[in-house]
Amino acid sequence: MTEKPDAVARVEADAEAKGLKIAVVETAKSARSAEEAAKAVGASVGQIVKSLVFKGTATGQAYLLLVSGANRVDEASMATHFGEALERPDADFVRQATGFAIGGVSPLGASRKLATLMDEDLFQHATVWAAAGTPRHVFEVVPLQLRSATGATVGRVT
C-alpha cells in the first residue's frame, strides 16, 4: 500500500472539518484534463469540476473558478463579476495561491481562502467529480454540498 500524498490528506482534512463526507479515489491513469477525468471515473465531461485559478491583473489576487468540464471560461464576463480583468497565471502562482500543482488543484484544502465562483451548469448533475490534490486523485460530491463547503458564489462562466 502506498502512502497518501500530503495534498490528498489536506483535501480530506478540509472536507472533514467542513462536515463533508468524501471518498477520494485514485485513478489508474492521469485525470489531469476534464476528458481524462471523465473517462477515468465513468462520468460525463460536464460532471467534472475544473478548478481553475486566475489572477487579477490590477490586484494580483488569486480567484478560483469551479467550472463544468464541458465549459470554457469567458474571461470578459469574469472581469465584470470580479471587478477586474483576469489573466491565466503561471504554475508558480497557482502553487503559491493554492498549495497544489496545476492538474491537481482541488476546490478543498487550499493553503488559503480564495474568492470562488462555481459554474451554475454543475447543478445540472446529481453528483460531480473534483480533483483531490493530485492529477490521479478525485472525489465525487453533490454540487450543493461543494458550494456550501467552498463558500462559492454561483454564476454563469461562459
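Structural remarks
- Kirkwood Rh in Å, taken over all unlike Cα pairs in region 93-158: 12.4
- The helix-only estimate of mean residue ellipticity at 222 nm for the chain, built from DSSP H runs of length n ≥ 4 each weighted as -39500 (n - 2.57), is -8000 deg cm²/dmol after division by the residue total.
- Using the Karplus relation 6.51 cos²θ - 1.76 cosθ + 1.60 with θ = phi - 60°, the per-residue 3J(HN,Hα) values for region 58-71 come to 8, 9, x, 6, 8, 10, 10, 10, 9, 10, 4, x, 7, 10 Hz, with x marking Gly and Pro.
- Volume per residue that the Cα convex hull of the chain spans, once the total is divided by residue count, Å³: 100
- Global form of region 35-103, assessed from the alpha-carbon gyration tensor, a/c cut-off 1.5: oblate
- Fraction of accessible area attributable to carbon and sulfur, region 12-69 (%, probe 1.4 Å): 49
- For residue 137, residues with placed amide H under 5 Å, excluding near neighbours: 27, 132
- Exceedance of the 19 Å cut-off in Cα-Cα distance is limited, within the set 18/113; 29/50; 18/50; 4/39, to 18/50; 4/39.
The values are calculated or read from the model by the stated rules, or taken from the named source; none is laboratory data. For clarity, every value in this text was computed on a predicted model and none was experimentally measured. Side chains included, ligands, DNA and RNA excluded: accessible areas come from the protein's heavy atoms. Shrake-Rupley method; radii C 1.70, N 1.55, O 1.52, S 1.80 Å.
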